[in-house]
Amino acid sequence: MVERYVAAKTVEEALEALSGGDATVVAGGTDVMPQSQAGRLKLGRTLVNIRRVAALSGLALTGDEINIGPLTTVADLNEHDLIRQHLPVLADAADKFASPQIRNMGTIGGNVCNASPAGDLLVPLLLLNAEVELRSSNGRRRMKLQDFFAGPGKSHKKPGELLTAILAPLPKAGFTARFEKFGTRPALDISTVSVGIAGVMAYGGLQEVRVAFGAVAPTPMRGPATEHALEGKKLDDAAIEAAAQAAMQEVKPISDVRATDWYRRELVHNLVRKVLQDVARG
Ligand SMILES: Cc1cc2nc3c(=O)[nH]c(=O)nc-3n(C[C@H](O)[C@H](O)[C@H](O)COP(=O)(O)OP(=O)(O)OC[C@H]3O[C@@H](n4cnc5c(N)ncnc54)[C@H](O)[C@@H]3O)c2cc1C
């Protein structure tokens, strides 16, 4: 049961409230509130609202990386010039996210820390080789987003740690990235499957290929076999089909209320084909 509510105004206040243990952070509340009301999330004894911590908001280009404050809302991601210019795949994923109400409240930090295999911002962030910065009263550490997830709803964030930044390196010239999701309804639906493909366009194909999938494994995942199938290959029909086959074989979906594992593999195959055909057409 919640015994204490802290509306932190600084990172230090939030960390101090978290250091006592058994605390729950609330940012936009769009996961915390419905999950706790449905009994799927047990709130800690201290509720730490970070919404007014100014230092956790905003976006900046620092050296060769974009520093995204965890309180950046999904709507901000869709509209901000830095994201549209340098990381358009993230703006595109934000555009495909829920409804305007949820996009105005939900934050990128909440999407990362909720650690859902279906979190829509996670596939583009994996394509961008993003890292996360975590702070606690003991210090600060950085880790690759790819290493952050531990299972459905679970991450390697320790109790007492706050996500304080998401960092994406500036992509090199010629870098292109696409994101597609499939849900039974276009808005307000958790992805049944999502696919992201990125690389540097050269000689009619992709180099330094990165592939990521959502909702097909216990965590969002990179697709090394699909990356290997695509690396340096001209994007003709045979190469596209080979990559789509590799993708459907390397994902590890489950059957649940949204789809069977068989159907998810078929969706992965078809979405990979669709994305690659788009890339090939330029
Ligand atoms: C109707 C509806 C539709 C939705 N549609 C989509 C969708 O299309 N795609 C999608 O991906 N998601 C969707 N969601 C889920 C949710 O909106 C997103 O995951 C959103 O990004 C969560 O952000 P938040 O700020 O609301 O997180 P919160 O609910 O505030 O927090 C989520 C989790 O992260 C933790 N947390 C938040 N910020 C930090 C931080 N800085 N440091 C440490 N821990 C932190 C919280 O303790 C909690 O465990 C939907 C939710 C609803 C209710």
Checklist outcome for this item: Magnitude of the Cβ-charge dipole (Lys and Arg +1, Asp and Glu -1) of the range 4-169 about the Cα centre, nearest 20 debye, reported as 640
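Which of the helices in the chain, when you take each full DSSP H run, stretch at least 18 Å along the axis at their Cα atoms and have an average Kyte-Doolittle score of -0.5 or higher?
Helix filter hits for the chain: 237-250.
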Checklist outcome for this item: Across the chain, qualifying lysine pairs (alpha carbons under 23 Å, at least 8 places apart or different chains) come out at 21
Next on the checklist: How large a share of the accessible area of the chain, in percent, is made up of carbon and sulfur atoms when the probe is 1.4 Å and the other protein chains stay in place?
Outcome noted: 51
Checklist entry - Tally Lys and Arg at +1 and Asp and Glu at -1 over the other residues with C-beta under 14 Å from the C-beta of residue 17: what net charge comes out? => result 0
Next on the checklist: Just to compare against my own numbers: the Cα pair-distance distribution for the chain, 5 Å bins, whole % per bin, please.
Outcome noted: 1, 6, 12, 17, 18, 16, 13, 8, 5, 3, 1, 0, 0
Checklist entry - So in the range 4-169, what percent of DSSP beta bridges are antiparallel if you round to the nearest 5? => result 75
Next on the checklist: Tell me which of 215, 8, 75 sits at the most positive position along the dipole axis of the chain, charges placed on C-beta atoms (Lys, Arg +1; Asp, Glu -1).
Outcome noted: 8
Item to check | FRET efficiency estimate (nearest 0.05) - Cβ-Cβ, residue 51 to residue 158, R0 22 angstrom | outcome: 0.50
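The values are calculated or read from the model by the stated rules, or taken from the named source; none is laboratory data. Small disclaimer: the values here were computed from a predicted structure and weren't measured. Cβ: placed from backbone, ideal geometry, glycine included. Neighbour counts: every protein chain shown. Heads up: the accessible areas ignore ligands, DNA and RNA and are worked out on the full protein's heavy atoms, side chains in. Shrake-Rupley method; radii C 1.70, N 1.55, O 1.52, S 1.80 Å.
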